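**Q** First, the structure itself, so that you have it in front of you.
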Amino acid sequence: MNSFSVAYKNIKRNIKSYVLYIIAMMFSVIVYYNFLSIKYNKQLLEVQSLNMYVKSIANAVIILLLLFLVFFIWFSNSLFLKQMKKEIGIYAFMGISNSEVASMFAIEIFFIGVLSIALGLFLGVLFSKLFMMLLVKVSILNVKIKFDLSFKALIEAAATFLVLFIITSIKGYIDVVRSKLIELFNASKREEEVPKVNYFKAILSVILIGTAYYFMYNAYGGNLDFYSCVLISIVAVIVGTYWLFSSFYLMLMKHFIKRKSILYNGVNIVSFSNIAFKIKSEYKVLATVALLVTAAITAFGTSYSIRYFVQSSNKIQKPYTFSYITAVNDNKTNKEVSTIINQDNRKTLLNQNINFILVDKFIRVGGNSSKENEIVVIKLSDLKKASTNLGIKDAKDLELSTKDSILIDIPNTIISLGKKPKGFEINNINYTVDKEIKTPLFGVGLSAFTLVVKDEDYNTIKDNFKEYNFRGLRVSKPEDTLALANKLTKVKGILDKSLYAPYAKAQKQSVLPLTGLVYFFGGFLSFVFIIATGSIICFKFLSESNTDKYKYEMLGKIGMTESEITKAVFKQVGISYIFPLVVGIIHSCSAISVLSKMLKYNIIFPAVISIIIFSLIYGLFFIGTTRIIVKHVLYNDKA
């Protein structure tokens, strides 16, 4: 009997043990194929306005996904090897050499990989249309999706995973050859010791994480470089998290064990002791899970927050049905526009007039270098008046000192990574930026940085630059204003290309499809992280269930009831699930708070929704894992 036939029979006999591993690998193939199919989808690529975005976003996500899947497959395979160590040890006692056992194990991994690829690609193709329809729905795209079998995506996905599983098989072969198989056979019975607490690492882990939060908080709007802060934060969080679980977590468990009121309460003595004994072997998995929780919540929270912000900030971008620019006091043009609107049987609901100065010679003080050639300057009194007309209450209490100013961000800016200027030097006078706000003043009809200054400062600046008039109109029945917009474009007094009609069908310009793409990709990527996170921690506990089985059998013999064993398992697994979840949520909240500063918008609602969704899915993994372990421990069911 050769290695191939033995490996095949092992897979048939142990198929229950392999199910979770195969499902996880299949899921990886399905997701990867569908992301590739987006990249090559003919219907999406025909939409010229989104062609570049679809390709660039898909490529970026595919690279991230591939890097993650390489890690996930490697990690899962390591746990899978640990789960199979007893069976490998049995072969050693039968007199089979290390290389032959290693060959069988490598072939098993390869067979399982090929099976996962085949089933994953079949299901990926089967559900590809549904996947694309979800993308179109979420992204609000006017695209009719047909079933499209992408052979490029099929071949690329198959080749990628085939290479990954070949490498994984080779790694598995090397690991088994180098292992002492007798020790592997007895590993399930090997006693573990409670490791010593490294108090230096425990304290330093908290300091490192605190440092990461500090740099993250100051990444935007502070005096430090954004990218440097992000890099320092990521490194500090990763190192700090691993040390947190290897030392601080152990210190916490030992603290509970030393307190008799806690230790001897119910089944705590069993649960806390088991956790303390296993920290040395588990901390890497728990730290990895905490970081994956961070990545999942941050990815979904970020994409959802951007979409939520864009939808909520529609009034900032489109406060008027029409807007245009004329020379100051051009009453003739304004009357002509009003006449055309009245002739179209529409009522004017709001008539906003704001004089502004277009400054094309200035020096930007502080912040990152920028390419803006012009800035708009208006009076504080005009900002208050316009805000009152638009129903914006926050602006009425704004006050300025001489030579101070308020900076209104460009309306269609979602996120800006650069630092905003500290001031602008105009006519050799420095106007310091006292505050930054987002407000529906001009909408996208005048897309530029707007500097709000005191009325007397405005009059000083006006002497050296040209002044214009902005007019924003809200009219009745704004849904379809294409014909009316075409008539207004013929009015001679309106400056060239300054007419903006956001509700006219031919002139609709929305960032919703783009943010929809970001939301979909980010949301689905976070879903992959959630499934992988749950799978990793589930694999970890199932691979160690044989070790726990011997312990609980002994406890059962000395009088511990099934109910108490069930409680002990739930508590032990629950603590190991909850601690990484809490750490990951705290990490992600820090990251999302930076996004809130960059958006200049309160995104608590989408952040909370992201945490709730993740926690619910994560909780299902906890319940499933615990029930399988309890069933295995109590009823000798093979895990």
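**Q** Out of everything in region 445-459 that is modelled with pLDDT under 85 and surrounded by 18 or more Cβ atoms within 10 Å (Cβ to Cβ), what residue ends up being nearest to PHE362 (Cα to Cα)?
**A** This residue is PHE449.
**Q** Let me ask something else about it. Which one is farthest from ILE257 (Cα to Cα) among residues in region 196-217 that are crowded, with 16+ Cβ neighbours inside 10 Å and either of a type in the set (D, E, K, R) or modelled with pLDDT under 80 (or both)?
**A** The qualifying residue farthest from ILE257 (Cα to Cα) is TYR217.
**Q** What do you reckon, is ILE586 at pLDDT 70 or above, in a helix (DSSP H, G or I), buried (at least 17 other Cβ atoms within 10 Å of the Cβ) and not assigned by TED's automatic domain parsing to the domain that holds ALA485? It would help to see each step written out before you state the result.
**A** Details: at pLDDT 70 or above: yes; in a helix (DSSP H, G or I): yes; buried (at least 17 other Cβ atoms within 10 Å of the Cβ): no; not assigned by TED's automatic domain parsing to the domain that holds ALA485: yes.
It is false that ILE586 is at pLDDT 70 or above, in a helix (DSSP H, G or I), buried (at least 17 other Cβ atoms within 10 Å of the Cβ) and not assigned by TED's automatic domain parsing to the domain that holds ALA485.
**Q** Do the conditions hold for TYR468, that is, is it within 30 Å of LYS403 (Cα to Cα), in contact with a strand residue (DSSP E or B) (Cβ under 7 Å, 6 or more places away or on another chain), crowded, with 20+ Cβ neighbours inside 10 Å and touching a residue at least 60 places away in the same chain (Cβ under 8 Å)? Can you show your working first?
**A** Values: within 30 Å of LYS403 (Cα to Cα): yes; in contact with a strand residue (DSSP E or B) (Cβ under 7 Å, 6 or more places away or on another chain): yes; crowded, with 20+ Cβ neighbours inside 10 Å: no; touching a residue at least 60 places away in the same chain (Cβ under 8 Å): yes.
When the stated conditions are applied, TYR468 does not pass them.
**Q** Scan the helices (runs of 4 or more DSSP H) fully inside region 76-148 and keep the ones with 1 or more residues being in contact with a Phe, Trp or Tyr (Cβ under 6 Å, 6 or more places away or on another chain) and modelled with pLDDT under 70.
**A** Once the helices (runs of 4 or more DSSP H) in region 76-148 are filtered for at least 1 residues that are in contact with a Phe, Trp or Tyr (Cβ under 6 Å, 6 or more places away or on another chain) and modelled with pLDDT under 70, what remains is 85-93, 128-139.
**Q** Going residue by residue through region 374-393, is there one that turns out to be in a loop (DSSP other than H, G, I, E, B), under 25 Å from TYR468 (Cα atoms), of a type in the set (S, T, N, Q) and modelled with pLDDT under 85?
**A** no
**Q** Okay, next question. Is there any pair with a first residue in region 238-255 that is in contact (Cβ under 8 Å) with a residue 60 or more places away in the chain and a second that is polar (S, T, N, Q) whose Cβ atoms are under 8 Å apart and which are 6 or more apart or on different chains, and what are they?
**A** Hits for this filter: THR241/SER205; LEU244/SER205.
The values are calculated or read from the model by the stated rules, or taken from the named source; none is laboratory data. Just so it is clear, the structure is predicted and the values come from calculations on it, not from any experiment. Because the Cβ atoms are built from the backbone with ideal geometry, glycine has one as well, and the counts that use them run over all protein chains shown.
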